[in-house]
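Single-structure report; data block below.
The values are calculated or read from the model by the stated rules, or taken from the named source; none is laboratory data. Source: prediction; values computed, not measured. With ideal geometry, Cβ positions are generated from the backbone for all residues, glycine too; neighbour counts draw on all protein chains shown. SASA here: full protein model, heavy atoms, side chains in, ligands and nucleic acids out. Shrake-Rupley method; radii C 1.70, N 1.55, O 1.52, S 1.80 Å.
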Amino acid sequence: MTLSPGTRLGPYELGAPIGAGGMGEVYRAKDTRLERTVAVKVLSAHLSSSPESRQRFEREAKAISQLSHPHICALYDVGNQDGVEFLVMEYLEGETLAERLLKGPLPFSQVLRYGVEIADALDKAHRQGIVHRDLKPGNVMITKSGVKLLDFGLAKALAPTSSESQLAALPTQAAPVTREGTILGTLQYMAPEQLEGREADARSDVFAFGAVLYEMATGKRAFPGATQASVIGSILRDEPRPMSEIQPTTPSAFDRMVRTCLAKDPDDRWQTTRDVALQLGWVERDRTAEAPASLPIRRARFAAVIPWVVAAIGLGLAVLAVTTFARKTSRREVVRAFLPPPENSFFHSLDASSGPVAVSPDGRRLAFSVIDPEGNTLLWYRDLDAPTAIPIPGTDEATFPFWSPDSRSLGFFSRGRLKVVEASGSAPAPRALAEAASGRGGSWSIDGTILFGPSARHHLMRIPAAGGKPVAVTRLEEGEVEHSWPWFLPDGRRFLYRARFFEAERNALFLASLDSKERRLVLQIDSDVAYSPSGHILFRRGDRLMSARFNAGEGRIEGEPVELAQSVEHNPFTGKTVFSVSENLLAYAHRSELRLSRLAWFDRTGRELGELGPPAMYVGPTLSPDGRKVAVSLIERLTIPPDVWIYDTALRTGTRLTRGRLVELMPVFSPDGRRVAFASIRKGPWDLHEISTAAGGEEKTLLESENSKWPTDFSPDGRFLLFREFDRETLGDLKLLPLSGEPRPRDFMATRYKEESGDFSPDGRWVAYASDESGRMEIYVSSFAEAGRRYRVSSGGGGYPRWSHDGRELFYLVGGKTMTAVSVRLEGPDLAFGSPLPLFDVRVQMLVDSHFRPSKYDVSADGRFLIAVRASDEPPPPLVLVLNWAEALKPRP
């Protein structure tokens, strides 16, 4: 039964539906008596004629009404109107655990926290004789205050054993609602006894809880299966895969605890959820006590004496050495270890201009980009027999490093150029070789040739490492939009690369040669690729890292690919996976919570006032002129490019505005709030487009040109669109596009420096922007109409300027984290600025793009700040190092 908004059930006025399940629909509603928002659950019409369903529905109300617990959704009321039966419950803001798990496993600290809260809620229910019988991620809501257990629709009142008084207090049942042999619940989380139609008790919830904990920690179901029969067979017969194989950092005590929950025989499980809560507490205490110590790593056996040092996790400790010794054996052991980033920094691996790990060909060195506390990026290298990593001077904003064949030098991209540098802490300045607007991978052959993707939407080029003129190597065929991520084979002539098509299902890996225009299809998959001298190619399938035996002579895969790791980090914009490999060393990164953000409101003191929407990947939020809407680019899943969404700031509901097949970013409202300009990749570079905010809004192209460009602001009179154009020579200019007459752009601030984040003052007379002309990004204000009238506002660095709605203040971020205000006043024809005033520090979204740097916040008319903040305080995961990784592919004797 779907009820229209405005329908009244008693004093409850229904709004939009917010969910549905097997029992009925759930609506956001207004309690007109108490002036509060509630959730109303209505029994489905197709069930209303079933006495069993109505009885189960009534039992849900009675079951929930007995439960008062901070982690159980509260029941306010129950009613029946015109044959419509409904429950009125606490309205919860957040996302279900099932929705959260679509993004991957939870940080382990959250697994423990939420696990204890669920266990405590279940224990409360069990002590009152109530078994949930349908515990699953979809029935766990994650809110700001923790988790809330939902939907006791299958709960069954049991007779408590503690006292007769409790027995008397239970509601009576004339007959059992569930006949013997009937299966109630959700298949993947049901205990064996439930599948067999036997009586469920508290230990059945313990089994389901174990399956939920397993999925929270790994992102994978404990008992997978393609069909109902295979799932049932797996639950009745199989043991789940050890969690440490999926998430290597999983404590063994936690693995054992979950396995006990999942025992086939109820007598072999933990007998109460309180037991489980106690075990979770011990896991947390052990984890905290062991945190300062290094992770133990097994001693590996080698066929020859080779010294190796690999990393181990520690809280800011130096990386410990693991030395391997010769053994008289034909097999070497696989050794896993972990490498944290340099102290007070993050690995820069998440965005479209990042520097993911690169393993040297000899397997003894690593290179990676790092973000420091001020938001600056630099390339670092690490010798595995050295105690620390070392920064490489002159590699600011370095992206996508790759090694020379002798493991001594690095190629990388920075500020619109392909560059090379020695991997040394005292190396000469990097040498620029060629233009590369936004590099998409490089490979360095044994004869000194570098093959590289100069930018998104481009074919591959080659150039001598000693310098010379770039030459095209591949050409885009019909339907193709990009060639990227090349990898030379050992002969130095043939290479693998990724081809991206307009139709994403056609994306593929190809084999080509410097000596021929022919190419061979290797694999139909959307992934970058790496080749190991061990005779394997590595690539990503979904979120899994795969390996396949590769016949380099014939250019084909032999046998079935084998999974090496799960939940591997990758970037949906670029197709780059965070992994690298040599013959004996594999390095990769697990998915990180740092990619997720929240749209949160803050006052001038930094106090959080609320949020819009659940954690997701939000990029470039901007408020409409009336403050009622927010336009933001939203990435729903890593496999789906971002679209522009519109959020209602009062209802806190979002609606998709664009539905393009490709990336669409950086929305900007027109002065009347009826249109949104945005950037999209459709014909090669980023071009400017516009769409109406009305339902089914008409879309049109504003500007197409050979250089990429992003909108930053409309002039208040609506005559111009201010945009940033990425130019290979100037690294970014601010330009104006007239919106009437001939759309011929003109320069506003075009220098040899980088200009970005242009923002019009409310009266349209001034433009604030950021520029690096002083050597670092600072905030400037320039007259819109009078050339030469310009002021430098900041003195200690700054970015992302925004005017207050009355034009009397200018805000900006210092160090990417400190919200700062400067007063502005008009003195005749000039502006006068007060001293910068730090307001508060905020955990701004970590993702950085050194080319375009999308906005991270906006300011409302009443002075509140809407900021895209990090959704998690968890540090990024360390790099996973796997020594002798290819041994894992060999069959065991």
- Confirm whether Trp485 is open to solvent by 20 Å² or more (accessible area, probe 1.4 Å) and either touching a residue at least 12 places away in the same chain (Cβ under 8 Å) or not polar (S, T, N, Q) (or both). no
- Item | Filtered residues of segment 207-230 (kept if open to solvent by 10 Å² or more (accessible area, probe 1.4 Å) and part of a helix (DSSP H, G or I)) | Glu215, Gln228, Ala229, Ser230
- Which pairs do you get when a residue that is touching a residue at least 24 places away in the same chain (Cβ under 8 Å) and in a loop (DSSP other than H, G, I, E, B), found in segment 231-250, comes within reach of a residue that is surrounded by 15 or more Cβ atoms within 10 Å (Cβ to Cβ) and of a type in the set (Val, Ile, Thr), reach meaning Cβ atoms under 6 angstrom, with the pair 6+ apart or on two chains? Gln247/Thr218
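Across segment 416-442, what is the number of residues that are of a type in the set (Ser, Thr, Tyr) and under 28 Å from Thr388 (Cβ atoms)? Walk me through how you get there before you give the answer.
Let us first name the residues in segment 416-442 that are of a type in the set (Ser, Thr, Tyr), namely 424, 426, 438.
Still in the running and under 28 Å from Thr388 (Cβ atoms): 424, 426.
Here the count works out to 2.
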- Go through (1) in contact with a strand residue (DSSP E or B) (Cβ under 9 Å, 6 or more places away or on another chain); (2) open to solvent by 10 Å² or more (accessible area, probe 1.4 Å) and name the single condition Ser204 misses. (2)
- Task: Give me the pairs, please: first residue somewhere in segment 612-629 and in contact (Cβ under 8 Å) with a residue 12 or more places away in the chain and in a strand (DSSP E or B), second residue anywhere and basic (Lys, Arg) and surrounded by fewer than 20 Cβ atoms within 10 Å (Cβ to Cβ), beta-carbon distance under 6 Å, and either six or more positions apart or on two chains.
- Result: Leu612/Arg652
- Matching residues, segment 642-683, being at negative phi and of a type in the set (Lys, Arg): Arg656, Arg659, Arg661, Arg674, Arg675, Arg682, Lys683
- Lone unmet requirement of (1) touching a Phe, Trp or Tyr at 6+ places or on another chain (Cβ under 7 Å); (2) modelled with pLDDT of 90 or more for Leu612: (2)
- Message: Within segment 738-834, considering only strands (runs of 3 or more DSSP E) that don't extend past its boundaries, which have at least 3 residues that are over 27 Å from His689 (Cβ atoms) and open to solvent by 50 Å² or more (accessible area, probe 1.4 Å)?
- Response: 818-827
- Reported set for segment 231-275 where residues are open to solvent by less than 70 Å² (accessible area, probe 1.4 Å), among the polar types (S, T, N, Q) and more than 15 Å from Ala191 (Cβ to Cβ) is Ser244, Gln247, Thr250
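With respect to Arg519, determine if the residue is assigned to a strand (DSSP E or B) and either modelled with pLDDT under 90 or open to solvent by 50 Å² or more (accessible area, probe 1.4 Å) (or both). Even if it seems obvious, please write down each step before you answer.
On the way: assigned to a strand (DSSP E or B): yes; either modelled with pLDDT under 90 or open to solvent by 50 Å² or more (accessible area, probe 1.4 Å) (or both): yes.
So Arg519 fits the description; yes.
Kindly indicate whether Arg825 is touching a strand residue (DSSP E or B) at 6+ places or on another chain (Cβ under 6 Å) and more than 25 Å from Gly416 (Cβ to Cβ). Outline the logic, then answer.
Numbers: touching a strand residue (DSSP E or B) at 6+ places or on another chain (Cβ under 6 Å): yes; more than 25 Å from Gly416 (Cβ to Cβ): yes.
Judged against the criteria, Arg825 is a match.
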- Message: Which condition from (1) free of Cβ contacts under 8 Å to residues at least 24 places away in the same chain; (2) open to solvent by less than 20 Å² (accessible area, probe 1.4 Å) is the one that Ser860 breaks?
- Response: (1)
- Query: Are there any pairs, at least 6 apart or on different chains, whose C-beta atoms fall under 6 Å, with the first in segment 516-533 and in contact (Cβ under 8 Å) with a residue 24 or more places away in the chain and the second open to solvent by 30 Å² or more (accessible area, probe 1.4 Å), and if so, which?
  - Reply: Asp528/Lys576; Val529/Trp487; Ala530/Trp487; Tyr531/Trp487; Ser532/Glu583; Pro533/Glu583
- Note on the structure: If we keep only residues of segment 639-660 that are assigned to a loop (DSSP other than H, G, I, E, B), of a type in the set (Val, Ile, Thr) and in contact with a strand residue (DSSP E or B) (Cβ under 9 Å, 6 or more places away or on another chain), then the residue modelled with the highest pLDDT is Thr649
- Message: So, in segment 522-548, how many residues would count as being buried (at least 18 other Cβ atoms within 10 Å of the Cβ), closer than 18 Å to Ser484 by Cα and touching a Ser or Thr at 6+ places or on another chain (Cβ under 8 Å)?
- Response: 7
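Which residues, counting only those in segment 495-512, are buried (at least 18 other Cβ atoms within 10 Å of the Cβ) and of a type outside the set (D, E, K, R)? Spell out the reasoning first.
If we filter segment 495-512 for residues that are buried (at least 18 other Cβ atoms within 10 Å of the Cβ), which is where we start, we get 495-500, 507-512.
Residues satisfying the conditions are Phe495, Leu496, Tyr497, Ala499, Asn507, Ala508, Leu509, Phe510, Leu511, Ala512.
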- Message: On the basis of being over 16 Å from the mean Cα position of the chain (by Cα), more than 20 Å from Arg100 (Cβ to Cβ) and open to solvent by 30 Å² or more (accessible area, probe 1.4 Å), does Lys576 make the cut?
- Response: no
- Query: Counting only residues that are more than 23 Å from Leu97 (Cα to Cα) and polar (S, T, N, Q), how many does segment 195-213 have?
  - Reply: 0
- Note on the structure: Conditions (1) modelled with pLDDT of 85 or more; (2) under 18 Å from Leu813 (Cα atoms) -> Gly775 fails only (1)
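Among the residues of segment 692-713, which ones are touching a strand residue (DSSP E or B) at 6+ places or on another chain (Cβ under 9 Å), part of a loop (DSSP other than H, G, I, E, B) and closer than 20 Å to Glu755 by Cα?
So the first thing to find is which residues in segment 692-713 are touching a strand residue (DSSP E or B) at 6+ places or on another chain (Cβ under 9 Å), and the list is 692-693, 695, 697-705, 707-713.
Filter once more, so that each one left must be part of a loop (DSSP other than H, G, I, E, B): 693, 695, 697-698, 704-705, 707.
Ser705, Asn707 - these are the residues of segment 692-713 that are touching a strand residue (DSSP E or B) at 6+ places or on another chain (Cβ under 9 Å), part of a loop (DSSP other than H, G, I, E, B) and closer than 20 Å to Glu755 by Cα.
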- Complete set of residues in segment 64-116 that are on the phi > 0 side of the Ramachandran plot and buried (at least 17 other Cβ atoms within 10 Å of the Cβ): Gly94, Gly104
